[in-house]
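Peer 1: Pasting a structure here, questions to come.
The values are calculated or read from the model by the stated rules, or taken from the named source; none is laboratory data. Computed from a prediction, not measured in an experiment: that's the story for all the values here. Note that we place each Cβ from the backbone using ideal geometry, even for glycine, and neighbour counts take in every protein chain shown. Accessible surface is based on the protein model in full, side chains and every heavy atom, while ligands, DNA and RNA are left aside. Shrake-Rupley method; radii C 1.70, N 1.55, O 1.52, S 1.80 Å.
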Amino acid sequence: MFAKRLLKKAVQLHQRKVQHGDLTAEDLDPRIAIHYGIPSTASVLAFDPIQRLLAIGTLDGRIKVIGGDGIEGLLISPKQMPYKNLEVWDLENRIIADSLQWASNITSFSVISGSHFIYIGDEHGLMSVMKFEAEDGKLFQLPYHISANSISGQILFVGGGKDLQLKDGAVDSSSEVDATLEHHLEEKEISALCWASSNGSILAVGYIDGDILFWDTSCAASIKSKQASSANNIVKLQLSSAERRLPVIVLQWTKNQTSRHDCDGQLFIYGGDEIGSEEVLTVITLEWSTGTLRCVGRADLTLTGSFADMILLPNAGPMGGNQKADLFVLTNPGKLHFYDDASLSALISQHERRPSISAMEFPAVVPSSNPSMTVAKLCRLPTGGDSSKALSEVASVTKLASKVTPVSAAKWPLTGGVASELSITKDDGFEQVYLAGYSDGSIRIWDATYPVLSLICLLEGEVQAVKVAGSSAPITKLDFCAITLSLAVGNECGLVRLFDLKGCSDFHFVTETKNEVHNLPQGKGPQCRAIFCLLNSPIQALQFANCGAKLAVGFESGRVAALDTSSLSVLFLIDAVSSSSSPIISMTWKELTDTHSLVKSPKHSETKVPVNSAEEVIFVLTKDAKINLFEGGTGNMISTRPWHLKKPAVAISIISVSESSNEMLPESHKDTATKKEHVSNSTTASINSHEGEQNPSSETACSEERLLDSILLVCCEDSLHLYSTKSVIQGNNKSIRKVKHAKPCCWTATLKKDEKVCGLVLLFQTGVIEIRSLPDLKLVKESSLMSILRWNFKANMDKTMSSSDNGQITLASGCELAFVSLLAGENDFRIPETLPCLHDNVLAAAADAALSFSINQKNKQGTKPGILGGIVKGFKGRKMAHTEDFIWNPKFNFSHLEGIFLKSPFPDPSPAVTDNQEAVELNIDDIEIDDEPLPVESTSSHEFQNIKIEKGTERERLFQGGTDDTKPRLRTPEEIMATYRKAGDASSVAAHARDKLVQRQEKLERISRRTEELQSGAEDFASLANELVKTLEGRNRKWWQI
């Protein structure tokens, strides 16, 4: 009866014109709201020991900052490949404080710890110095620079050495190095280096051929002596005896804290092993004694992925600068592992070459790779209902249970960042949840109300006390009813699990022929309520309807089932929809009557009978782009044959939009999201004997007309097709609108503006994102994953994508998860008020106070050496103190560097006197005296020091090639005659001499007058000073009190 009535109305109604969409480009602003995980292009690490933050730089211009308690931040440079740009980021405001354009590619840079000075190296071998003024937020380039051409490249230590070929056990340097080392060193290319001692006496250098040389720099002072080329200056280390070895890429050294020797420690090496061997990070323990290097331990850390970078963590606190063997290792793609000092020490002490050690993996807030995420969904909770309160209770129960079990992440060293007050208090309750299904059959649910996601619960694949085959199979589909807090999960084995997040006491195992009931263990929190095992075919579609009272299930085999979630029974199971048994791709429900409408019988009066509370239509779309319509209660087909497109196509989704109410059908439970109570599948009604069943109620008629007035959008890989619902019911495949794609599409979603469906979002396999208006399908904006996220499209990425009506979409790629907001006016996350602060100002102030206190305490422990003593100590080059004795104060200990960096270390060379040039002799005749006195300027102590330095350099240039006690050189009579002999007769020579004497006399007179003026000025100044002293003494004041 219902199917005939719907077909009749579809024939009678006339086709209506499609309205124009009201979505504009000004309404759209794609941006990242939330980002979790480590980018797959991560390449370099940096650590802040005070803030306890880890920064990860990428190859595509992104910086990932990771703190504690789920606090993460993503900084994206406006330039995707910023190799010629230096950017300084303000972590507190997450903006670029200043940037500088460089002339060439920047290959490396380093910040002097505790200062505002930055070393920059470029591809041409030029090292420059920058200064960042924190108060002004500006970068300045200082004159100091060193180029590769300005340094004469030479080998400091040549000759013999020690060859240490590393084997298992303790090995010392006993065999002599080949005598041709000096010749080979000139041709060897350096690939890595680091200091291998705390006092700067040993330098470890890695080469491209896999060799590692230890240079003893303590002999640098006596390099001119013949002993500089002795056999004790170089020790060569080889990790493998193979002829072809990998280049030494990374060298890092840390001191052995238990040893008193400055050179004892651990050397971390990446590279140097045989080509083709397993990728490992080698850790060797070195001991020096009486000039002999001994290896007392070796361990190889097996890497999970290709090596990207490593960093040793310095200790925090006022004694900063200490390094222990706490280690971060970054591998590709986006894997981060942590090794603490205790585990590494135990590892190296073992006798095995590659002992077992379990590294601590990065505790991802939202795991996406281990286990791998297979499906995800973003859902908003209804406002004013009990769902938020119920989820809060679930979260409190699971949080209390997690405190009982110890968590290994408690040792995770990153604790930085400060959460916002709003995200901590959560006064407004839960507003949005994010659900993810995994390959191990588990489901995780997070509170996604604020930018810092918090885990609500973890649902395992197995059911307690009941063993069901296939429960741990990968999840393929899930749906969530926010009104009843019911969760439906489908997997690859064809099982449908139904969870009640509020808890239940019984468990039902339902098949086509039986319904088994089991008692669950007593406990609070989410429970698996039922498992439906109908077909051994992967689940491809799940859709709740009627406020969670019904559930439609689509299988890969092309069959459709409808489940009653109230009685936990099967309503119907339909055979293959199409002759080809094409997989079900998408389904949607549409209710035709109000859920509280009454159906009356004419035969009996005042008799209560159960009847369906609503009549629904199920739209089923298969992969071959065929649509079937079924009655939701019986499974009867409404149309006689499946509707199909004119040409074969691969379907993606079906979307139904009502032009009158602007409802979207793919998630029909959202239409009734404001309802607070669950409506059962049946209700009782009073039967009136005077009214017949043949005439439908006015509400039923209106709902049928709304359905027929709605439009259906069929999304295919190569096109979009817009149809009226009545034409689909009639079997007419003439479209209202059609859009052809130039590239294959893989995912679609709708978005709302002012509670009206107004736009369509499409993702293509090329990574392009299109946003079109509805219902006219006009292109409004085009973007891409690369421009928004710096991502490339990957296969099956569409499986883990989800969306909400307010313009938020979620995407997962590798180890990354991102929430992207599309609408410009949307700010459901209340950013920036709810964003966590990446920089803790209170912690920074406390660290400065601790540094100042430590300096004061150290000054009180003993008297400071005098100026002369300090100078003598510096010239003697005494042994440096251990690293732990150094205290760097960021405010007071770097003032001397600015004076050095304010001038170039290599000034422009001035003409110097060489042996083959004529000597220039100065006499009084060459002195030029100006009549006008030069103005005298006050010179500060800093300028005075610069003048003294400049005078020193001039003196060095003047005496270049000689010493301070250089004696006058005797000249021959020929040189004297050539200099002073004049052309002409004797009378002209005498006249010239007379003129010179007159000029000399005039110069002497001017010098005498100038001297008298200076003496008179000095007397006046002395008289003025005496008067000033007398005046101050009469007033009982001192000169410094002026």
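Peer 1: Just checking, does the stretch 350-368 include any residue being modelled with pLDDT under 85 and assigned to a helix (DSSP H, G or I)? Give the steps one after another, and end with the answer.
Peer 2: To start, the set of residues in the stretch 350-368 that are modelled with pLDDT under 85 comprises 350-359.
So of that shortlist, the ones also assigned to a helix (DSSP H, G or I) come out as none.
Within the stretch 350-368 (the criterion being modelled with pLDDT under 85 and assigned to a helix (DSSP H, G or I)), the answer is no, since none of the residues qualifies.
Peer 1: Could you list, ordered by first residue, the pairs with Cβ atoms under 9 Å in which the first is in the stretch 730-747 and in contact (Cβ under 8 Å) with a residue 12 or more places away in the chain and buried (at least 16 other Cβ atoms within 10 Å of the Cβ) and the second is assigned to a loop (DSSP other than H, G, I, E, B) and of a type in the set (Phe, Trp, Tyr), at least 6 apart or interchain?
Peer 2: Hits for this filter: 746/793.
Peer 1: Still on this structure: Since residue 527 meets every condition but one in (1) at pLDDT 90 or above; (2) polar (S, T, N, Q); (3) open to solvent by less than 50 Å² (accessible area, probe 1.4 Å), which condition does it not meet?
Peer 2: (1) is the only condition that residue 527 fails.
Peer 1: If you scan the stretch 233-271, which residues turn out to be under 18 Å from residue 209 (Cβ atoms) and in contact with a Lys or Arg (Cβ under 6 Å, 6 or more places away or on another chain)?
Peer 2: Correct list: 235 only.
Peer 1: Search the stretch 485-516 for residues being among the acidic types (Asp, Glu) and part of a loop (DSSP other than H, G, I, E, B), and hand back the single one that is most open to solvent (accessible area, probe 1.4 Å). Steps first, answer last, please.
Peer 2: Filtering the stretch 485-516 down to residues among the acidic types (Asp, Glu) leaves 492, 500, 506, 512, 516.
Those left that are additionally part of a loop (DSSP other than H, G, I, E, B): 492, 512.
Numbers: 492: 95, 512: 122 Å².
Across the stretch 485-516, the extreme among qualifying residues is 512.
Matching residues to (1) more than 19 Å from residue 831 (Cβ to Cβ); (2) surrounded by fewer than 18 Cβ atoms within 10 Å (Cβ to Cβ); (3) in contact (Cβ under 8 Å) with a residue 60 or more places away in the chain:
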{"position": "31", "(1), (2), (3)": "no, yes, yes"}
{"position": "34", "(1), (2), (3)": "no, no, yes"}
{"position": "40", "(1), (2), (3)": "yes, no, yes"}
{"position": "49", "(1), (2), (3)": "yes, no, yes"}
{"position": "52", "(1), (2), (3)": "yes, no, yes"}
{"position": "61", "(1), (2), (3)": "yes, no, yes"}
{"position": "65", "(1), (2), (3)": "no, no, yes"}
{"position": "73", "(1), (2), (3)": "no, no, yes"}
{"position": "77", "(1), (2), (3)": "yes, no, no"}
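Peer 1: So residue 479 passes all but one of these: (1) crowded, with 22+ Cβ neighbours inside 10 Å; (2) within 36 Å of the chain's Cα centre (by Cα); (3) without any contact (Cβ under 8 Å) to a residue 40 or more places away in the chain. Which condition number does it fail?
Peer 2: (3)
Peer 1: In addition: Here's a check for you: in the stretch 522-551, which residue that is assigned to a strand (DSSP E or B) and small (Gly, Ala, Ser) is farthest from residue 397 (Cα to Cα)?
Peer 2: Checked the stretch 522-551; the qualifying residue farthest from residue 397 (Cα to Cα) is 541.
Peer 1: Test each condition in (1) surrounded by fewer than 20 Cβ atoms within 10 Å (Cβ to Cβ); (2) modelled with pLDDT under 80; (3) within 30 Å of residue 116 (Cβ to Cβ) for residue 866 and report the one that comes out false.
Peer 2: Among (1) surrounded by fewer than 20 Cβ atoms within 10 Å (Cβ to Cβ); (2) modelled with pLDDT under 80; (3) within 30 Å of residue 116 (Cβ to Cβ), the lone unmet condition for residue 866 is (3).
Peer 1: Does residue 98 qualify as being under 23 Å from the mean Cα position of the chain (by Cα), among the charged types (D, E, K, R) and either at pLDDT 85 or above or open to solvent by less than 80 Å² (accessible area, probe 1.4 Å) (or both)?
Peer 2: Values: under 23 Å from the mean Cα position of the chain (by Cα): yes; among the charged types (D, E, K, R): yes; either at pLDDT 85 or above or open to solvent by less than 80 Å² (accessible area, probe 1.4 Å) (or both): yes.
Answer is yes for this residue.
Peer 1: Same structure again: Can you go through 257, 266, 252 and tell me which one is part of a loop (DSSP other than H, G, I, E, B) and either in contact (Cβ under 8 Å) with a residue 24 or more places away in the chain or polar (S, T, N, Q) (or both)?
Peer 2: Within the list 257, 266, 252, the selection yields 257.
Peer 1: What pairs come out if I take residues in the stretch 408-425 that are modelled with pLDDT under 75 and open to solvent by 60 Å² or more (accessible area, probe 1.4 Å) and pair them with residues that are of a type outside the set (D, E, K, R) and outside any loop (DSSP other than H, G, I, E, B) whose C-beta lies under 9 Å away, six or more apart or interchain?
Peer 2: 408/360
Peer 1: Continuing with the same structure: Between a residue in the stretch 104-128 that is open to solvent by 20 Å² or more (accessible area, probe 1.4 Å) and any residue that is of a type in the set (D, E, K, R) and not in a strand (DSSP E or B), which pairs come within a Cβ distance under 6 Å, given they are 6 or more apart or on different chains?
Peer 2: So the pair list comes out as 105/84; 105/123; 107/123.
Peer 1: Any residue that is surrounded by fewer than 20 Cβ atoms within 10 Å (Cβ to Cβ), modelled with pLDDT under 65 and part of a helix (DSSP H, G or I) - is there at least one of those in the stretch 329-341?
Peer 2: no
Peer 1: Now for a separate question. Given the structure, is residue 468 closer than 23 Å to residue 538 by Cβ, open to solvent by less than 10 Å² (accessible area, probe 1.4 Å) and either out of contact with any helix residue (DSSP H, G or I) (no Cβ under 7 Å at 6 or more places or on another chain) or in a strand (DSSP E or B) (or both)?
Peer 2: Values: closer than 23 Å to residue 538 by Cβ: yes; open to solvent by less than 10 Å² (accessible area, probe 1.4 Å): no; either out of contact with any helix residue (DSSP H, G or I) (no Cβ under 7 Å at 6 or more places or on another chain) or in a strand (DSSP E or B) (or both): yes.
Against the criterion (closer than 23 Å to residue 538 by Cβ, open to solvent by less than 10 Å² (accessible area, probe 1.4 Å) and either out of contact with any helix residue (DSSP H, G or I) (no Cβ under 7 Å at 6 or more places or on another chain) or in a strand (DSSP E or B) (or both)), residue 468 does not qualify.
Peer 1: If you take the residues in the stretch 530-548 that are surrounded by 19 or more Cβ atoms within 10 Å (Cβ to Cβ), among the polar types (S, T, N, Q) and at pLDDT 90 or above, which one is farthest from residue 588 (Cα to Cα)?
Peer 2: Residue satisfying both the conditions and the ranking: 540.
Peer 1: Do you know which residues across the stretch 710-728 are touching a residue at least 24 places away in the same chain (Cβ under 8 Å), open to solvent by less than 10 Å² (accessible area, probe 1.4 Å), farther than 19 Å from residue 761 by Cβ and touching a Leu at 6+ places or on another chain (Cβ under 6 Å)?
Peer 2: Scanning the stretch 710-728 gives 725, 728.
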